[in-house]
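Here's the structure we're looking at; comments come further down.
The values are calculated or read from the model by the stated rules, or taken from the named source; none is laboratory data. If you're wondering where the values come from, they're calculated on a predicted model, not measured in any experiment. Glycine also receives a Cβ, built like all others from the backbone with ideal geometry; neighbour counts cover every protein chain displayed.
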Amino acid sequence: MKILASELSSLLYNEGASLAGFGDISALGHDGYTSCVALAVKIPAGVIAGIKDGPTREYFDQYRTLNSRLDSLAKLAAKYLSERGHRALAQTTTAVAESAGYRTSRESLVDVEACRSSARALAWERLHERITLCGKCIEVCPYTRAYLKKENML
């Protein structure tokens, strides 16, 4: 299994993943799946630094581009695993946002409806787009702050 994970990691990094990790999700009872592949792609530091007061057109464009890349990586991982005899499902960015586990943990941290409403208003004001996108969660995240500091953007 370590060889499979190593090969898959290499493939994903070569295709643009910034991070790839593997986890045991057997306790979640997710339709019989017992393992997962977690992926991330880096948002350019300059783009994050620009969203302090709300979303920018550059952030909006990166959001779409990087989500598309994440979807492609998820599909690539699922294909790779399926071709090797494993049951695999590509949880694309839309599917992940709707998953019950994410929704439950998110609702314990924030008033989801108020956040959605504020994000929509801000996106309309700044971008003239009817979307739910503000970037505040990313901008204030301690890991993002450390990344920006490392990149000399703070």
Checklist outcome for this item: Selection from region 38-77 of residues touching a Pro at 6+ places or on another chain (Cβ under 9 Å) and not polar (S, T, N, Q) yields GLU58, TYR63
Checklist entry - Considering region 132-154 alone, what residues qualify as being assigned to a loop (DSSP other than H, G, I, E, B), farther than 21 Å from LEU109 by Cβ and not charged (D, E, K, R)? => result ASN152, MET153, LEU154
Checklist entry - Restricting attention to region 33-53, does a residue exist that is part of a helix (DSSP H, G or I), polar (S, T, N, Q) and at pLDDT below 95? => result no
Checklist entry - Between a first residue in region 131-154 that is over 18 Å from ASP61 (Cβ atoms) and at pLDDT 90 or above and a second residue that is part of a loop (DSSP other than H, G, I, E, B) and among the hydrophobic types (A, V, I, L, M, F, W, C), which pairs have beta carbons less than 7 Å apart while being 6 or more apart in sequence or on different chains? => result ARG145/LEU154; LEU148/LEU154
Item to check | Of all residues making up region 120-140, the number that are under 16 Å from GLY50 (Cα atoms), surrounded by 13 or more Cβ atoms within 10 Å (Cβ to Cβ) and under 18 Å from the mean Cα position of the chain (by Cα) | outcome: 7
Checklist outcome for this item: Being surrounded by fewer than 17 Cβ atoms within 10 Å (Cβ to Cβ) and closer than 18 Å to ALA17 by Cα narrows THR92, THR65 down to just THR65
